Every structure is written in C-alpha cells, then in structure tokens.
Amino acid sequence: MAELLQYLISGLAVGMIYALIALGFVVVWKSSSVANLALGQLVLFSAWFTYGMLVQANFPLWLAFPLVILFSLALGWVIERLALRPLIAQPILSLITITLGVAYFIEGVVTLIWPKSVAALPRFFPTQPIRIGPAVVSQEYVWVAGISLIVFVLLTLFFRYHRMGIAMRATADDQLAVQACGIPVTRIFSRSWMFACLVAAIGGILVSSIGGITYGLVETGLKAFSVVILGGLDSFIGAIIAGPIIGLCENLGGGYLTPIIGWAGVKDIIPFIIIIIVMIIKPYGLFGEVRIERI
Amino acid sequence: MTLPSGTRNYTYAQDMAILRTKTQWVLMAVFLVLLLTAPLYLGNYLLSVANLIGITLIAATGLNILTGYCGQLSVGHAGFIAVGAYTSAVLTNRLELPFLVGLICAGLMAGLVGLIFGIPSIRVKGFYLAITTIAAQFIIIWVINHWSSVTGGFVGIPVPEASIGGFTFRGEASQFYLIFGIVMLVIFFAKNLARTRVGRAFIAIRDNDLAAQVMGINIFYYKLLAFFIGCFLAGIAGSLMAHWIGFMNAEHFSLTESILYIGMIIIGGLGTTLGPIFGVVFIRLLQQVLTVMVVPSLESTFTALPSGFATGVAPMLFGLIIVLFLILEPRGLAHRWSLFKSAYRLWPFSY
C-alpha cells in the first residue's frame, strides 16, 4: 500500500513534467505543423545551461533563472529563424529531418561545452521526506508536481486571455483566415518555438533537480512523445491528461513488472512500448483529430 | 534523362541499359579495376576506412529504399542494424553456426523485426512513423542490453571471424573483398529494384500513398515489403559489421547513429542509387578527416580548447551539414552530380 502510494505520487509528478514538455511540442505542431524531434536535446541543453549558470558561473537563483528563461527564448527564436523559416511549405520529410539535424547539432554543442556526462544541480526543494498516509514520499516530487500545476494554470490563462495566446490558437485553427486578419503568421511560428523551448527548459530543470543531469534527459524529452502520441498530436487537453497516465504507467509498471521480468530498468522502456501499442490500435491518440485525406 | 549527344536507342535493350556508351563501359571497368586492386595500394588504415564505408553503404542503401523510394521515414535504422549484428554474433558465437548462415539469418531477422515495427506504417505516416521507429530503436537497444544471457548485455559479445568453406576472412584486405562483393550485389539490386514494378510502386506510394492505393497498388503489401527490404539490408550490414569489428556492444547503435544515416541519404540525395554512395563516402570520410587530422592538429595548435572539443565538434558539424543541405540543396549531391554531368556534356555550349 505504501509502495503503491509512492509510485502513484512520483508517477504523477514525473508525468506532469512530461506533459509540460509535450505541450511545447503540441504548440509547435498546431501552429506550424512541424514535428519537433529535437525535444530531448532541447531539454538536455537547457538543463546544462542551468548548470552552467548556477554552478559554474555561480550566479544566485534570482539572476540565474531569468537568464535561463531568456536563453531558452533566444534558442527557440534562433532555431525557428535559421532552420525552420527557410523550409516553410517544404515536404513533411524535410521538416522532420531538419529538426533531427538541429538535434544532432545541439548534442554536439552540449558535448563541446559540457564534456562531463553527469552533473548535479543544487537542490532547490527541501529534501526531507514527508508522510502522506502510510507512504513516505520525497518532498521534491510534491514540489515538482505543484510547480507543473502552476505552470499549467499560467499557460491556460495565457492561451485564453493574452493576445498572443489567442493569436496562436487562431493560427492553429486556420492559418489562412489568420493571415487574412492581418496577423503575421511567421511571428506566430517563431513565438511557438520560443514557447516550446521555454517549457522544455522548465521541464529540464524540474527533471534534473530530482535526477541530476545525465544524457538520459534526451530520453526524458523523447518520452514526452509518448504523451503526445497517446493524447493526440493536436490536443492540449490530450497532453495534459496523457502526461500523468504515462508517468503512472511508467512508475507502476517499473515498480511491479521489474520483479516479474527480472530485467532492471523496465521503467525506461514502458513509454516506448506504449507508443507502439497506441500506433497499432489508435494511431491518432485519445483526443487527436482523425485526419481524413482526399486526393 | 539526357543522353550524351549522338547516342540513340534503337532497341528496348539499349533503352534499358544502365551503361549506354563505350565511355561509360570503359569508365566502369577502370573504376572496378581500381576498386578491386585497392588492397594493393591502400594501407591498412585506409582499407579499414573503406570497409567501414562499404558496410555503411549497405545499410544506407537499405534506408534509401525505405525512405528515399518508399517515403517511409525510419529514425531507427541503427536499431535494425543492431538486430542483424547481434543475430549473427549470437548464431556464430554461441551456436557456432557457419558465417553464411549467420549472415542470411541476420538479414531475415532484421527484416522480420522491421516488419513488426513497420505495421503502424499502414495507417500512419510522416511524424507518427518517425516516432514509431525511434521507439523501435530504444526498445531494440534496451532488449539487447538486458537480455544478457544471450546478447552479453552491457558487456558485449565477441564475434568470430567470418569464414566460408574453410577460408577465413582475416585482416582488412580479405574483409575488403567480402564486404565489397556484397556491396556490389546490393547496389546492383537496388539499382534494378528501382526500375521494376516494385520500385515504381514504392515511388508511387512515396509521392502520394492515397493516390497509389486508388490506382490499385496494394500499399499494405508494398509498405511492408519496403520495410522488409530496408531492414534486411540493415541486418546484412550489421552482420558484416559484427564480424569485421569482432566484438559487439550496443554502443555502436545509438540514436545519433540513426540520425546520421538519415543525414547520409539526405546529403547524398533521396531516391537515387547514387545518392547513398555520395552521402556515405562524404560523411565517413569527413568523420575520419575530423577525428584523425583536423581535431588533433587543432588541439595541438590551440591549447585553450575545451576538453569536449574532440567529441563535440563532429556532431555539431554533421548537424549543421544536414540542416544546410536541407535548406540549400534538398536533392543532395546526386542532383549536383547530374547537373555537373549535363553541363559537362554540353560544354562550352551550355544553353
């Protein structure tokens, strides 16, 4: 029972982070129908940048975090401007592979600047465990879940009330109509990339504050794809619901399947198995729009 | 398709010939002679680079059939190569079966695994397929790392040298003949596949799978066939790689390697037989030049370089090259080559 609660809470917390990262994907996909496969590397890059600011440059928190946010926004802008903008209206294959190229490039940059393969961020959250009923849960998970929730609420408000948020939703809905209304679509694209990098950075910081910075962060970013796939590519609600589902599956499955199968690390592979299963059974996900093609 | 001036086709056989003119025959013969005598004048190091290029070429040709001709993006090609490599390694090492059995089984096994992960391609495409194949890559590597009673797990597995009927391929030179024999078969196969019913069906599916289906092409069959052929070749390449290196662990088959394969066929030119050759030679040579010549000399001249420079500069450069090619020349080096050829034929009256 205590074990179960523990898995539930950590699963929910991790799942929320996945959902956060996945939101960045969904925004880009909806506004410009570009599939951002560099998600994992963006998470890795921003986590290392945070490390650089906090540990290597030894900036205080109030200075480091705004810098990280500025950096991630700039990164998103640069990627969109230099790599994606020249490829508007190119075949989907080019759009996917260019993000792979960007991913490769970022990975090179990361290994160039931070050749260490493992590092730890300073602890932001109190570490002493807390008791919820019979379970003893590391307090960090609760904090992470709380922060993710706050970010979700902020994002929802942004998309509902802010001019830019409304414009982004409109672009997702109908690009031509938005253009006819005089909204610069290319600017929306670049904002959506900045947004994606921002949430990837937040996700990266949250994950690495618990688990440290490893190359596994790329995998964390890729696991966000299983959230996207399960929730449906073009659904915000889908991502927010599917995130905790994936997190729960991962932790529960990891907790209870490992003794049965006997191979350690079942946890890491469950999201990918879910991808395959969803692809075969319901490829457009729980809330995704089923595309009907015409010749 | 422009012909050299003065060349006319009088029969269907002439029209379908790959090599049309005497010059082409002569050039081809010279090229083959140069290639086959390469062990005589290439040193051991250069031969090993050539072998690596040959192995990569087989896998890249497979990926080109799958992605370039049939349009099914696979970001898990290194995973399929790993399946082939480990099948061959396990069969020849643990069961002590002959190399040829291992080679064939490696291809078949990789093809089968490719079929399984290719099933979603019937309903989805583009990004969905990319994600499926990334998942395939992770699942395959995970299984290899954890099924240690068979695959040796993280430690790895030694692989015996390839041998056929008592003759052992020992040393780079004899490996070279083995690898390039298969490379030539594979390229011949790929070149002709593109001109058959199957190849045309692939191209139709790539251009618009719905339209292809309406025209009566069985896309279920042809998409899975593309997956099988592509992954079969990946398996063959994997088997050769296992026997060439002599020791396998999963580090040879990372996701970045998969991305690099896609980069190779993009740089070379998707959907051409020549493309993978250009792309593979370009990337592998660049890799060697970087790691052997450029990086050490830079490191010795500039002592202040960060310590990650040696490992980080190659991925950076390759990522940059992929991005630049997609933006500036999406049809790849093969297209540039054909432009050059037609310009050369008409020179100096290029208009």
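Given contacts defined as C-alpha pairs under 8 Å and at least six residues apart, what's the relative contact order of chain B, whole-number percent?
On the way: 488 pairs, mean separation 98.4, N = 351.
Value for chain B: 28 percent.
If the elastic network links every pair of Cα atoms under 10 Å, which of B:66, B:112, B:40 fluctuates the most in the Gaussian network model of chain B?
Highest fluctuation among the options: B:40.
If I take the Cα coordinates of chain A and project them onto the principal axes, what are the three extents in Å, biggest first?
59, 48, 36
Under the definition of partner shielding as Cβ atoms of other protein chains within 10 Å of a residue Cβ, what is the mean value for peptide B:305-313?
5
I want to check the label-to-label distance for residue A:67 and residue A:116. Put each point 7 Å from Cα in the C-beta direction and report it in nm to one decimal.
1.6
Add -39500 (n - 2.57) for each DSSP H run of 4 or more in chain B, then divide by its residues: what number comes out at 222 nm, to the nearest 500 deg cm²/dmol? Before the final figure, lay out each step's value.
Numbers: 17 runs with 243 residues, N = 351.
Mean residue ellipticity at 222 nm (helix-derived): -22500 deg cm²/dmol.
How about residue B:22: which lysines have a C-alpha closer than 22 Å to its C-alpha, ignoring those fewer than 8 places off in the same chain?
Filter leaves B:191, B:341.
Please identify the longest segment of chain B free of exposed GluC sites (Glu not before Pro), where exposed means a DSSP state other than H, G, I, E or B and no more than 16 other Cβ atoms within 10 Å.
So the longest stretch without any such site is B:162-351.
Quick one: among B:196, B:256, B:67, which has the greatest mean-square fluctuation in a GNM of chain B with alpha-carbon springs under 10 angstrom?
Largest GNM mean-square fluctuation: B:196.
Starting from the coordinates of the alpha-carbon atoms of segment B:52-183, obtain the Kirkwood hydrodynamic radius over all distinct pairs and give the value in Å to one decimal.
15.8
Counting other Cβ atoms within 10 Å, keep those with at most 10, restrict to DSSP loop, and tell me which chymotrypsin sites (Phe, Trp or Tyr not before Pro) in segment B:142-208 are left.
none
Calculated from DSSP H runs of 4 or more alone, at -39500 (n - 2.57) each and per residue, what is the 222 nm mean residue ellipticity of chain A, nearest 500?
Computed mean residue ellipticity for chain A: -24500 deg cm²/dmol.
Could you name the lysines in cross-link range of residue B:125, using Cα to Cα under 23 Å and dropping any fewer than eight places away on the same chain?
Filter leaves A:30, A:223, A:282, B:223.
For chain B, build the charge dipole from Cβ charges (+1 Lys, Arg; -1 Asp, Glu) around the Cα centre, then report which of B:249, B:137, B:6 sits farthest towards its positive end.
Going by the Cα projections, it comes out as B:6.
Bear in mind these aren't lab numbers, they're just calculated from the coordinates by the rules spelled out. Note that the structure is predicted; figures quoted are calculated from it, not measured. Don't worry about glycine lacking a Cβ; one is built from the backbone with ideal geometry, like all the others, and counts go over all protein chains shown.
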